[in-house]
Amino acid sequence: MPSPVIAFLSDYGHADEFVGVCHGVIAKRAPSARVIDLTHSIPRHDVRAGALVLRGTLAYTPAQVHLAVVDPEVGALGINARRAIALRSAAGPLLVGPDTGLLMLAAEWLGGAIEAFDIGHSPERLEPVSATFHGRDIFAPVAAALADGAPLPGLGEPLAVEELCGLELSVAQPLDGALLTHVLRCDHFGNLILDASHEQLRAAGMRLGEALTVEVAGSGDGGSEIAGSAGAERGVAGEVHPARYASTFADVAPGELLLYEDAQLMVALAVNRGSAAALLAVARERELLVRRA
Amino acid sequence: MPSPVIAFLSDYGHADEFVGVCHGVIAKRAPSARVIDLTHSIPRHDVRAGALVLRGTLAYTPAQVHLAVVDPEVGALGINARRAIALRSAAGPLLVGPDTGLLMLAAEWLGGAIEAFDIGHSPERLEPVSATFHGRDIFAPVAAALADGAPLPGLGEPLAVEELCGLELSVAQPLDGALLTHVLRCDHFGNLILDASHEQLRAAGMRLGEALTVEVAGSGDGGSEIAGSAGAERGVAGEVHPARYASTFADVAPGELLLYEDAQLMVALAVNRGSAAALLAVARERELLVRRA
Amino acid sequence: MPSPVIAFLSDYGHADEFVGVCHGVIAKRAPSARVIDLTHSIPRHDVRAGALVLRGTLAYTPAQVHLAVVDPEVGALGINARRAIALRSAAGPLLVGPDTGLLMLAAEWLGGAIEAFDIGHSPERLEPVSATFHGRDIFAPVAAALADGAPLPGLGEPLAVEELCGLELSVAQPLDGALLTHVLRCDHFGNLILDASHEQLRAAGMRLGEALTVEVAGSGDGGSEIAGSAGAERGVAGEVHPARYASTFADVAPGELLLYEDAQLMVALAVNRGSAAALLAVARERELLVRRA
């Protein structure tokens, strides 16, 4: 019988022992479980980037349990102000993490959350629970217990699924024959992942191979969420950049902008051998107006 | 039967193949062993930081063998000048690494070293032993052999436990109604881990929630150990900073200094959404005078 | 029976989820396989560095399958322009990766490639194959299938071994009583790995312990390969630096240059507590003239 698999994603980075200690905690509680580190380089506190990356990995792991930890910046209330949760998805896989919306795109991709539990006082938690390291003290032990076969209902207090904190994503909108899109996420290459779909691009009259323009529109608006730390909003509103609707980087010359479908099937802006984030001087949340040239 | 577990900590970083090669060596010698990477981001050559982090992880791993490699900077004698050792602790777990004091806080936490062996000429070592990569050639093979069940006494020459190189940690001292503490370690967030205990703070009259002051005292003194590379000692002696004795970051405003108990139960100084190391402009070894405001 | 082992090397870095997703893909296809991450910090697009590191790790892993992914920069044709291949070596281990020469030093070390297959349209590949992430869509699934016991011939179209893209390495040449060497690779410490052998040094009259000079000779010449991104060729031609032919760093004073055999048994130039790359201001491909002082 293959080992149960826990997929683990966080913003802990590799500069400290946080990830290793969580592995230790899991190995103690569930000696036969196997942990796949999806990434621990989610930009710190960037719940939305974590949610998008987590969703994008689901098709590629056999995990029975998804453990994800990205907390908002420690603010006036601290991380104790948000619930710690475990969910069962309609497709089967379990999700463990903070109730910040981080798990919700994944839950939706898996058919929706059908059971939810508040695990903040789980019998599996490690005492004393520290103020800052819930990954070690709450999330990893509960994920390990689930991988080890512990029944979900014994691990926390039941919650109504409707009470869970959601994650609102913007949606691109047609505007005067163009498409008004928003930057959902900027990856480490400076590629800008947008909220547009190919259907929307097609509906706005754009065809693969065509020349486009990308206009930096208005100022960024973080809405209810705190802007990422890299989120300098320096793009000059009204600036127009030529681009191409292409299938691969090789379809444009080095230094040129392309609109393409990335490996996670998201519509994205990139620069061949360069950085779209740097070229447009924009970051998360920024509005961009894409139209035929 | 669960796999034997080796916990692995080093200052090798992730920029090279050092960690991966050690994993390969272990998998060859002990195919059923499982390796947990605690961290490989100990500041290069910082034996004390390695010893403190290693001790702090012990409660959270099921490892039978702890493999730790942090060597002092290659100096006039090179790394061949220090012994390679393997220890059995009173609590059972085995410790493998250089005889630089790196293993000694962990050994003490585990009830003390009760057996010690010089493994520099272990029959398990890989020939030819390189001048610079003892992790691959000595430490990993011996740790793997132990995980695979090889008896410790066959792996080296017996040493008296008293001959082992110790690790001296400073201890905070009461001084004129204040507490004179030292920075043991600076983590990657700029939090300063101190040598004070809550009992000492209480004895000096400080109570949770109270306002404090932190005075930068005298100049840093690395003692017999080389100061960390990040150890610019720029703090202005006599400078006094307001702080608060708090339980969580959220108890102070952003940018403010707090004295708190960190997730490893150590007393530490931090700045909410900032860096205490930067604010005080101090690093390892520096003396700080903490008193009620 | 021990788990099959896949050794995995790439230039993916740790800033994204690429490595983790490949682990997921492997765990899905080959639940019992174990993956050893050799390194994912090969300089981006540096096929030669990848090939050298891969070869250097072979003696230290029990892997049945070596998975390596380092692609040249996306150019006019994109990564679809190169074949995806799987090879069987004379010694037994299988090699999976792009047909860019990356696998060829390893294949040679393992006695040569005796069977080769084009896996670009492998039945194991994940559809749709993305334009940019063949590690996930082609290489990892094929490596996993091989680790799971799938016969190599069923995984692709047969290729003549002679058709495989080779990797030319320069060779040091005697010149007027000196040795004209080339920098094959620069590691993360600034050590310069050369194409010279100890036999060549000896034939040119150099003996361990002797004083040498290292002259920066001519300008760098990337040949048919694109120079690494760090490849600023700033060394002043004709500049002569004193050095010593030594066995360990400790044989020279801090700041001094030494020629030594590194842990992979390659001849290399280093500076004790410093960077040879910075001291000589040279990078990959650069010619250096080494002679007795």
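The values are calculated or read from the model by the stated rules, or taken from the named source; none is laboratory data. Computed from a predicted structure; not experimentally measured. Note that we place each Cβ from the backbone using ideal geometry, even for glycine, and neighbour counts take in every protein chain shown. When the accessible area is computed, the model is the full protein with side chains, heavy atoms only, and any ligands, DNA or RNA have been set aside. Shrake-Rupley method; radii C 1.70, N 1.55, O 1.52, S 1.80 Å.
Details
- The value of relative contact order for chain C, using C-alpha pairs under 8 Å at least six residues apart, is 16 percent.
- Partner shielding of B:264-277 amounts to 1, given as the average count of beta-carbon atoms from other chains within 10 Å of each residue beta-carbon.
- Near-label residues of the stretch C:112-137 by backbone N, under 16 Å of a point 7 Å along Cα→Cβ of A:L265: C:126-133, C:137
- Net length gained if the chain between A:E168 and A:A203 were fully extended (0.36 nm per residue, minus Cα distance): 10.2 nm
- The alpha-carbon atoms of chain B define a convex hull whose volume equals 139 cubic angstrom per residue.
- Accessible area expressed per residue, the protein assembly as shown, with surrounding protein chains retained (probe 1.4 Å, Å²): 38
- Here B:S3 yields copy-to-copy label distances, from shortest upward, of 0.4, 0.4 nm, the label point defined as 7 Å from Cα along Cα to C-beta.
- The mean count of C-beta atoms from other chains within 10 Å of the C-beta of residues in C:51-64, rounded to a whole number, is 4.
- Based on the reciprocal of the average 1/r between different C-alpha atoms, the Kirkwood radius for the protein assembly as shown equals 29.3 Å.
- For the stretch C:55-150, applying the loop criterion from DSSP together with a ceiling of 15 other beta carbons within 10 Å to the GluC sites (Glu not before Pro) yields C:E73.
- Here the calculated FRET efficiency for B:A237 and C:A278, from their Cβ-Cβ distance with R0 = 45 Å, stands at 0.85, rounded to the nearest 0.05.
- Accessible-area composition of chain A, carbon plus sulfur, in percent [1.4 Å probe]: 54
- Note on chain A: antiparallel DSSP beta bridges, both residues inside, total approximately 70 percent of the bridges counted.
- Antiparallel beta bridges, as assigned by DSSP with both residues in the protein assembly as shown, represent about 70 percent of the total such bridges.
- Taking only the Cα atoms of the stretch B:11-99, the radius of gyration and Dmax are 13.5, 40 Å.
- Euclidean distance between Cα centres, the stretch C:81-141 to the stretch A:8-40, Å: 30
- Kyte-Doolittle at least -0.5, axis length at least 15 Å by Cα - qualifying DSSP helices, chain C: C:18-29, C:47-57
- Placing a pseudo-label 7 Å from each Cα along the Cα-to-Cβ vector at C:S247 and A:S32 gives an inter-label distance of 5.1 nm.
- Chain C residue nearest the axis that carries C onto A, by Cβ, with distance in whole Å, is C:H14, 4.
- Taking only the Cα atoms of the stretch C:138-188, the radius of gyration and Dmax are 19.7, 55 Å.
- Applying 1/(1 + (r/R0)^6) with r as the Cβ-Cβ distance of A:S3 and B:R292 and R0 = 41 angstrom yields a FRET efficiency of 0.15.
- The stretch B:253-263 - phi-based ³J(HN,Hα) in whole Hz, Karplus 6.51/-1.76/1.60, Gly and Pro as x: 6, x, x, 8, 8, 9, 9, 8, 9, 7, 5
- Share of Cα-Cα pairs in the stretch A:85-223 lying beyond 28 Å, as whole percent: 40
- Inter-copy separations for C:G218, label at 7 Å along Cα-Cβ, nm, ascending: 6.1, 6.1
- Accessible surface buried by the B/A pair amounts to about 2200 Å², both sides summed, 1.4 Å probe.
- Secondary structure note: in the stretch B:1-135, about 45% of the DSSP beta bridges are antiparallel.
- One compactness figure for the stretch C:17-169 is 0.94, namely its Cα radius of gyration divided by 2.2 N^0.38 Å.
- Note on chain B: dipole from Cβ charges, positive end direction compared against B:L52, B:A246, B:A150; the farthest Cα belongs to B:A246.
- Mean partner shielding of peptide C:23-35, defined as the number of other chain Cβ atoms within 10 Å of each residue Cβ, is 5.
- Zone residues, the stretch B:4-45, relative to A:H188, backbone N less than 18 Å from point 7 Å out along Cα-to-Cβ: B:12-20, B:39-42
- Label points for B:E239 are taken 7 Å from Cα along Cα→Cβ. From this copy to the others they lie 3.7, 3.7 nm apart, shortest first.
- Evaluated at q = 0.17, 0.22 Å⁻¹: base-10 log I(q)/I(0), Debye formula over Cα of the stretch C:2-59: -0.60, -0.91
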